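S.K.: One structure, pasted below without further comment.
The values are calculated or read from the model by the stated rules, or taken from the named source; none is laboratory data. All of these numbers come straight from a predicted model, not from anything done at the bench. Here the Cβ positions follow ideal geometry from the backbone for every residue, glycine too, while neighbour counts run over all protein chains shown. Just the protein is used for accessible areas: all its heavy atoms, side chains included, with ligands, DNA and RNA removed. Shrake-Rupley method; radii C 1.70, N 1.55, O 1.52, S 1.80 Å.
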Amino acid sequence: MYPPVFDAVNVPAVQALLKPAGGPLRFYLFGEAPQKVQLPYAVWRLVFGAPENYLGGAPDIDGYTIQIDVYVSPEDANPSQTCRSIAQALRDEIEKVAYVTSWLGESRDPDTKNYHLGFQADWLVNR
């Protein structure tokens, strides 16, 4: 009932940016990142989902809109560029299986000063 997002991005190009040596890929379902997780990291969430309904039978495809958010520490050597590089690597992998549909802009958290970049993608998943 969910698109295989983690599988799509758990590849060498993304691992090089979000996986410390011997550690897990720092790509989490929204709200599931560990407390005080090392930056940079990214999260994804399901924004919307619906089956492709037909008059003549049961749905065979589910459609989803997902959101990807990347976070980078202000102490990074070049935080805005790092944020963009990670988002680009994630975009490149997601575009192999889904459609990027919107860029949600860049921002900085007012409290932590962490850099943030977000985008959305539409994904069709065969049942």
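S.K.: Provide the descending list of Cα extents for region 57-119 along its principal axes, expressed in whole angstroms.
M.R.: 54, 23, 14
S.K.: Pick from Tyr28, Tyr54, Tyr41: which is most flexible by mean-square fluctuation in a GNM of the chain where alpha carbon atoms under 10 Å apart are linked?
M.R.: Checking each option, the largest mean-square fluctuation is seen for Tyr54.
S.K.: If one takes the longest principal axis of the Cα atoms in the chain, at what angle in degrees, from 0 to 90 and to the nearest 10, does the Cα axis of helix 79-94 lie?
M.R.: 20 degrees
S.K.: Another question, if that's okay. When DSSP assigns beta bridges and you keep just the ones with both residues in the chain, what percent turn out antiparallel, to the nearest 5? Can you show the working numbers first?
M.R.: Working: 31 of 34 bridges.
Antiparallel bridges make up about 90 percent of those DSSP assigns within the chain.
S.K.: Which listed residue (Gly57, Trp103, Phe27) has the Cα farthest towards the positive end of the charge dipole for the chain, taking +1 on Lys and Arg C-beta and -1 on Asp and Glu C-beta about the Cα centre?
M.R.: It is Phe27.
S.K.: Taking the full set of protein chains and a 1.4 angstrom probe, give the accessible area of Ile61 in square angstrom, rounded to the nearest 10.
M.R.: 40 Å²
S.K.: Another question about this same structure. If DNA, RNA and ligands are ignored and the probe is 1.4 Å, what is the ranking of Thr82, Thr101 by accessible area, most exposed first? Write down the numbers at each step before the final one.
M.R.: Details: Thr82 35, Thr101 70 Å².
If we order Thr82, Thr101 from most to least accessible, we get Thr101, Thr82.
S.K.: Probe 1.4 Å, all protein chains in place: accessible area of Leu39 in Å², nearest 10?
M.R.: It works out to around 50 Å².
S.K.: Over region 1-121, average the accessible area per residue using a 1.4 Å probe and give it in Å², no decimals.
M.R.: So region 1-121 comes to 58 Å² accessible per residue, rounded to a whole number.
S.K.: At a probe radius of 1.4 Å, what is the per-residue accessible area of Asp109, in Å² to the nearest 10?
M.R.: Here the accessible area works out near 60 Å².
S.K.: Keeping all protein chains in place and using 1.4 angstrom, which order do Asp62, Asp92 fall into by accessible surface area, from largest down?
M.R.: From most accessible down to least: Asp92, Asp62.
S.K.: Shifting gears a bit: Taking only the C-alpha atoms, wrap a convex hull around the chain and report its volume per residue in Å³ as a whole number. Show your work: numbers first, answer last.
M.R.: Working: hull volume 14.4 nm³, N = 127.
Normalising the Cα hull of the chain by residue number yields 113 Å³.
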